């Protein structure tokens, strides 16, 4: 007997909640259709939410760019090996670390930093970038592109010269601009 009454109570509770949700939906729709002030308030709320999301995205982008700059500066301070044998071992170590870190999307900056360090010791960085372009995921390539743009001492070897013979890569470095796109 108690099982039937508890089941009836549960069904009644669910029905009451469903009726309440339906009533609120009807009320909301009525207000949206018939009240100009309510519509204005909804539009204001949507604009405020869009502004908040945009400012949050910009803050995250600025934070990521600062983290990239800090990582590049730290790598430069650590220095790079001098002899050919040390460079080769360092290169292999960094590429392997980049591949391992690249498997985890949350460690994209660390993976890009490892690939950047390997790029710094590679004799022909332009060729290595072509290899990265085919093997490394786009988010990591985008971060790597920002690292390359930030590092004025890294010479890729294949620079694009724009109108009037202006070296666009050199101009970006002088202006401190960071590209908004990847290497592809």
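None of the figures in this text is laboratory data; all of them are computed from the coordinates on show. Please read all numbers here as calculations on a predicted model, not as lab measurements. Here the Cβ is made from the backbone with ideal geometry for all residues, glycine too, and neighbour counts use every protein chain on show.
The table below lists the values:
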{"quantity": "Pairwise label distance in nanometres, residue 154 with residue 35, each label 7 Å out on the Cα-Cβ vector", "calculated": "5.6 nm"}
{"quantity": "Relative exposure of 136, 26, judged by other C-beta atoms within 10 Å (fewest first)", "calculated": "26, 136"}
{"quantity": "Pairwise label distance in nanometres, residue 45 with residue 135, each label 7 Å out on the Cα-Cβ vector", "calculated": "5.3 nm"}
{"quantity": "Cα-based equivalent ellipsoid of the range 74-119: semi-axis lengths in Å, sorted from largest, via gyration tensor", "calculated": "20, 12, 5"}
{"quantity": "The range 1-148 - Rg (one decimal) and Dmax (whole number), Cα, Å", "calculated": "28.4, 87"}
{"quantity": "Ranking of 74, 93 by count of other Cβ atoms within 10 Å, fewest first", "calculated": "74, 93"}
{"quantity": "Fewest-first sequence of 54, 117, 107 by Cβ atoms within 10 Å of each Cβ", "calculated": "54, 107, 117"}
